[in-house]
1. Would you mind stating whether VAL262 is closer than 18 Å to LYS162 by Cβ and either outside the structural domain of VAL24 (by TED's automatic domain parsing) or in contact with an Asp or Glu (Cβ under 8 Å, 6 or more places away or on another chain) (or both)?
2. Suppose we filter GLU144, GLU124 for residues that are farther than 19 Å from LEU11 by Cβ and loosely packed, with under 13 Cβ neighbours inside 10 Å; which single one remains?
3. Evaluate the following for ALA103: is it modelled with pLDDT under 95 and either under 21 Å from the mean Cα position of the chain (by Cα) or in a helix (DSSP H, G or I) (or both)?
4. Assess whether PRO235 counts as being surrounded by fewer than 19 Cβ atoms within 10 Å (Cβ to Cβ) and either closer than 19 Å to ALA188 by Cα or in the same structural domain as THR161 (by TED's automatic domain parsing) (or both).
5. Does PRO224 satisfy the condition of being closer than 16 Å to THR195 by Cβ and assigned to a loop (DSSP other than H, G, I, E, B)?
6. Criterion first (touching a residue at least 40 places away in the same chain (Cβ under 8 Å) and in contact with a His (Cβ under 6 Å, 6 or more places away or on another chain)) does PRO224 satisfy it?
7. I'd like to verify a number: residues in region 251-280 that are among the small types (Gly, Ala, Ser), surrounded by fewer than 22 Cβ atoms within 10 Å (Cβ to Cβ) and outside any loop (DSSP other than H, G, I, E, B), how many?
8. Looking at (1) outside any loop (DSSP other than H, G, I, E, B); (2) out of contact with any strand residue (DSSP E or B) (no Cβ under 8 Å at 6 or more places or on another chain); (3) more than 22 Å from PRO239 (Cα to Cα); (4) touching a residue at least 40 places away in the same chain (Cβ under 8 Å), which one does ARG206 not meet, given that it meets all the others?
Amino acid sequence: MTGVPQIRSPLGVIAGGGVLPFAVADSLSARGITPVLFALQGSCDPARVEAYRHHWLAMGAFGKLLRLLRAEGCQDLVFIGNLVRPSIAELRLDWGAIKVLPAVLAAYRGGDDHLLTGVGRLFEHYGFRLLGLKQVAPDLLMPEGALTRARPDDRAQADITKGRAVLAALSPFDIGQGCVVIDGHVVAVEDTGGTDSLLRRVAQLREERRLRTKPGRGVLVKAPKTGQDLRFDLPALGPTTIDGLIAAQLGGVAVVAGHTVVAEPQTMVASADRGGLFITGLAP
């Protein structure tokens with residue numbers, strides 16, 4: 001494809017939590033590219049990682065990671081998976097990390113996107129190439145249009161428009177990538193707890209009868225931040241998201257096509273169809 005770099009094999013997959021690191025590894029393998037997983041302790045699933053070529057890493061073991069990447073012959077890298085942002089005190093810094101500590105501290109002085117971009121620059125300084133999901137596993141990205149039998153009606157479309165405007169306005173503050181809008185009212189905005197926490201808060205508001213709107217109305221809207229480095233931390237959807245939407249009694253979810261990762265799409269769509277929810281991809 002035009003504009004897509006030639007990926008060099010093997011490719012290093014710096015793997016956080018969830019199913020996405022393994023979906024990326026499978027996608028790469030299917031195209032003849034060897035994935036090597038560098039699994040982050042406390043995040044990556046120990047039961048699943050054993051099926052892949054892998055190494056375990058503590059958060060902060062930057063020097064060890066550089067040595068392993070070179071030993072494995074990985075020149076190209078991708079970051080993928082859930083990761084709870086650790087404090088500086090929680091990092092187990094090795095000598096390689098201590099040598100670049102000023103850059104690490106500078107990266108920490110900002111939101112998640114600022115941190116990831118700063119870490120990315122470190123790898124590039126040492127000669128590695130950071131790629132995004134669009135380059136390494138485009139088959140895992142959300143297409144444009146509805147995936148489900150249900151479609152957003154006019155009321156939902158208005159909520160989607162408002163949700164996108166809210167996320168665009170919040171982008172400079174590097175807060176989150178999602179919000180819930182019901183009948184034109186912004187009910188909740190994603191914070192460091194992520195999408196699952198956001199949906200639990202909406203479900204709790206319904207339980208407490210602080211939301212009186214009819215069940216089945218309202219939309220979860222997700223979008224990357226304006227100006228975000230799209231190699232890192234793309235919005236993601238999966239079966240867990242649908243479970244949260246059902247518990248929150250929302251009508252569906254709208255995400256930006258081509259800039260949202262989809263995990264276990266068949267399971268996700270089947271669950272949404274059973275619940276009468278819509279899943280739709282928006283034009284970028």
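The values are calculated or read from the model by the stated rules, or taken from the named source; none is laboratory data. All values derive from a computational prediction rather than experimental measurement. Here the Cβ positions follow ideal geometry from the backbone for every residue, glycine too, while neighbour counts run over all protein chains shown.
1. So VAL262 fails the test.
2. GLU144
3. Answer is yes for this residue.
4. Against the criterion (surrounded by fewer than 19 Cβ atoms within 10 Å (Cβ to Cβ) and either closer than 19 Å to ALA188 by Cα or in the same structural domain as THR161 (by TED's automatic domain parsing) (or both)), PRO235 does not qualify.
5. Spelling it out, PRO224 is indeed closer than 16 Å to THR195 by Cβ and assigned to a loop (DSSP other than H, G, I, E, B).
6. Against the criterion (touching a residue at least 40 places away in the same chain (Cβ under 8 Å) and in contact with a His (Cβ under 6 Å, 6 or more places away or on another chain)), PRO224 qualifies.
7. 3
8. So the condition that ARG206 fails would be (3).
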